[in-house]
Amino acid sequence: ATLSAPVPATSLLVLVAGIAFSAGPVVAQQTSKMTGMQLSNDEPIQIQSDKLEIRDQERKAEFTGNVKVVQGTTTMQAGRMVVYYKSGEGSVASGNADIEKIDVFDKVYLKSDKQEATGDTGTFNMVNETMQLKGKKVVLSEGENVFVGCQLNVAMRTGEATLDACGGRVMIQLDPKSRKQTN
């Protein structure tokens, strides 16, 4: 099933709004900037999956099997995505649903330009504009710079991000060639 429709800024767009993060250090429980996580409704969103089930009485839509969400240069892939929306006139199929929350499962992959993020599950809370990516190993990368933890929390309005090690240690690998060169 393919669903392609303009979607309001406070809906599915945040799901694929982009994972851009600084190459500066990210440590457990420390806040950092993720500059590409912004709300916008400039481009349409295309959603593909093997199956789409819309349950209007439950106010949710479930995309299953090879879910792919694309907007511009940003892509999100997962095994399953469940969209929860508020009661009212709109629905996911009409493209004007008022989305409350989006859950993604089964190997979540986000890519925007040169940045990538992977995890086991993700939650996008549209009410408080937060994103959370969880997994045994959550990996953020930009070129050769790699950040590894188990939980990434992002405030989508500001881009503030925290990478947590969940009792372990955060791992960072930085490529010195990625730093800005000064003369």
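The values are calculated or read from the model by the stated rules, or taken from the named source; none is laboratory data. Given the structure is predicted, the values throughout are model-derived calculations rather than measurements. For neighbour counting, all protein chains shown are included, and Cβ atoms are generated from backbone atoms with ideal geometry for every residue, glycine included.
So how many residues does region 45-66 have that are touching a Lys or Arg at 6+ places or on another chain (Cβ under 8 Å) and among the basic types (Lys, Arg)?
1
Can you say whether residue 111 is crowded, with 18+ Cβ neighbours inside 10 Å, among the charged types (D, E, K, R) and either modelled with pLDDT of 80 or more or in a strand (DSSP E or B) (or both), as far as the supplied structure shows?
Numbers: crowded, with 18+ Cβ neighbours inside 10 Å: yes; among the charged types (D, E, K, R): yes; either modelled with pLDDT of 80 or more or in a strand (DSSP E or B) (or both): yes.
So residue 111 passes the test.
Taking only pairs six or more apart or across chains, which ones have beta-carbon atoms under 6 Å, a first residue in region 157-183 that is over 30 Å from residue 127 (Cα atoms), and a second residue that is modelled with pLDDT of 80 or more and part of a loop (DSSP other than H, G, I, E, B)?
175/144; 178/143
For region 144-178, which residues satisfy the criterion of being surrounded by fewer than 16 Cβ atoms within 10 Å (Cβ to Cβ) and touching a helix residue (DSSP H, G or I) at 6+ places or on another chain (Cβ under 9 Å)?
144
Being farther than 19 Å from residue 67 by Cβ and touching a Cys at 6+ places or on another chain (Cβ under 8 Å) is true for just one of 149, 159. Which residue is that?
149
Please give the number of the condition residue 57 fails out of (1) more than 30 Å from residue 176 (Cβ to Cβ); (2) part of a strand (DSSP E or B).
The failed condition is (2).
Select from region 118-143 the residues that are at pLDDT below 90 and buried (at least 19 other Cβ atoms within 10 Å of the Cβ) and list them in ascending order.
Across region 118-143, the qualifying residues are 124, 126, 131, 140, 142.
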